[in-house]
Amino acid sequence: MNATHWWKFTSFVLVLLFAPPAHSADFYSEGLRIPMAAAGARGLEAFLMRPAASGQYPLALISHGTPRNVDDRAGMTAQGYRAIAYEFARRGFAALAVLRRGYGTSPGGLVDSYGSCSRPDYRDALAVSVADLKAAIAAMGKRSDVTTRGMIAIGHSAGGLATVGLTAQAPPGLAAAISFAGGRGSARAGMVCGDKPLVDLFRQLGTTSRVPMLWVYAKNDGFFPPDLAHRFRDAFAGSGGKVTFIDAPRFGKDGHFLFSGSSAATWTPYVDDFLHAQNLQYQISVDALPVPPQLGANGKDAFAQYLGHAPHKAFAVAPDGSFGWRSSRRTAADAEREALEACTRNATRCSIYAVDDALSR
């Protein structure tokens, strides 16, 4: 893609201009390891996606949550955040999803444990998470295609809390931060271990955090319900933290999972409005493939998820809006065949709409 781009900063104002429209084929992605002495020789597992045009792109650092079941940590992958990374890459960022120590293939065991539910130590656990995020920022600062000037940080659940913690020790260049359903210690629905120490931690973080933040909590969050989320906000803002708080509508069966690749159409407007409000501005002519017009709401969400997944992939659709798709297949032909098979389970007139990152001919 022939592109012209330049950066103009006034405080935290960022302007990006790309000349021609682009499709998702115009993105570069890379699996990598983040060097960190505390993580041993392997370092931290990570995944990077950015626009393909040469140049420097501001970092968007994505931090994951912590599953309630400890055994689920091993199955996590940085690639699993590809669809989310895509949403920030198509907005002109170098999106980096990093797995903190003890998740996926990042060594560390339970180094970020907060201890017992009766006496949780959230401060020490948070310090571990923030150190991992800082290691990722340091590594990205050494790359020629990424800049940490005008960067943003985004986190979900425990990663949201880690992002708040990062703002309290803000590295140079951190322009804004976003927390979706931030918190820690949800043992089960309706039970958070030591809610008072957790609220106290948010209060402490607010004393030094001055980076503009967006916090989003859905009304049916099964980890951190609205009353507790409001206590987090009041404690943080009351001690000086800068937060724009959104009580998002109910989402799915558990609003805690509002922030996902398949629900981008729901949460990206919050992100866009916030970044504009902070004068972190951009103009980008990066267009995804057009959505098949016959799709309903579920189909549109599925297609948004499809765009962020890895080739070889294919998306099939029927006139009545039925659909099916498959990704990460060995060949494009395999992806087409399996997508058609998935679609024809619910319809008889399915055809391939897209293969990899292009419309089917």
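The values are calculated or read from the model by the stated rules, or taken from the named source; none is laboratory data. Bear in mind that the values here come from a model prediction, so they are computed numbers and not experimental data. Here Cβ is always computed from backbone atoms with ideal geometry, including for glycine, and neighbour counts include all displayed protein chains.
Within the stretch 311-334, the set of residues being surrounded by 14 or more Cβ atoms within 10 Å (Cβ to Cβ) and within 26 Å of the chain's Cα centre (by Cα) comprises PRO311, HIS312, LYS313, ALA314, PHE315, PHE323, GLY324, TRP325, ARG326, SER327, ARG329.
Pairs meeting the criteria (first residue in the stretch 143-158 and under 17 Å from THR268 (Cβ atoms) and at pLDDT 95 or above, second residue buried (at least 24 other Cβ atoms within 10 Å of the Cβ) and among the aromatic types (Phe, Trp, Tyr), beta carbons under 6 Å, at least 6 apart or on different chains) are HIS156/PHE180; HIS156/PHE259.
Based on this model, can you work out whether ARG203 counts as basic (Lys, Arg) and crowded, with 18+ Cβ neighbours inside 10 Å? Spelling it out, ARG203 is indeed basic (Lys, Arg) and crowded, with 18+ Cβ neighbours inside 10 Å.
Set side by side, the residues LEU307, LEU275, LEU280 differ, and just one is out of contact with any His (no Cβ under 6 Å at 6 or more places or on another chain), touching a residue at least 60 places away in the same chain (Cβ under 8 Å), of a type outside the set (Asp, Glu) and in a loop (DSSP other than H, G, I, E, B), which is LEU280. Within the stretch 197-212, residues that are at positive phi reach no partner that is of a type outside the set (Val, Ile, Thr) and assigned to a helix (DSSP H, G or I) with beta carbons closer than 6 Å at six or more positions or on different chains. Looking at this structure, is LEU340 modelled with pLDDT under 95 and either surrounded by fewer than 18 Cβ atoms within 10 Å (Cβ to Cβ) or part of a helix (DSSP H, G or I) (or both)? Judged against the criteria, LEU340 is not a match.
Here are some residues: TYR114, TYR86. Which one is surrounded by 23 or more Cβ atoms within 10 Å (Cβ to Cβ), touching a residue at least 60 places away in the same chain (Cβ under 8 Å) and within 18 Å of SER186 (Cα to Cα)? Give the derivation first.
Values: TYR86 fails: within 18 Å of SER186 (Cα to Cα).
Result: TYR114 is the single residue among TYR114, TYR86 that is surrounded by 23 or more Cβ atoms within 10 Å (Cβ to Cβ), touching a residue at least 60 places away in the same chain (Cβ under 8 Å) and within 18 Å of SER186 (Cα to Cα).
In the stretch 57-74, the residues that are in a helix (DSSP H, G or I) reach residues that are of a type outside the set (Gly, Ala, Ser) and surrounded by 14 or more Cβ atoms within 10 Å (Cβ to Cβ) with C-beta atoms within less than 6 angstrom, at least six apart or across chains, in these pairs: ARG73/TYR103.
What about PRO319, is it closer than 27 Å to LEU48 by Cα, out of contact with any Leu (no Cβ under 7 Å at 6 or more places or on another chain) and either touching a residue at least 40 places away in the same chain (Cβ under 8 Å) or not aliphatic (A, V, I, L, M) (or both)? Break it down into steps so the answer makes sense when it comes.
Working: closer than 27 Å to LEU48 by Cα: no; out of contact with any Leu (no Cβ under 7 Å at 6 or more places or on another chain): yes; either touching a residue at least 40 places away in the same chain (Cβ under 8 Å) or not aliphatic (A, V, I, L, M) (or both): yes.
Here the answer is no, as PRO319 does not meet what is asked.
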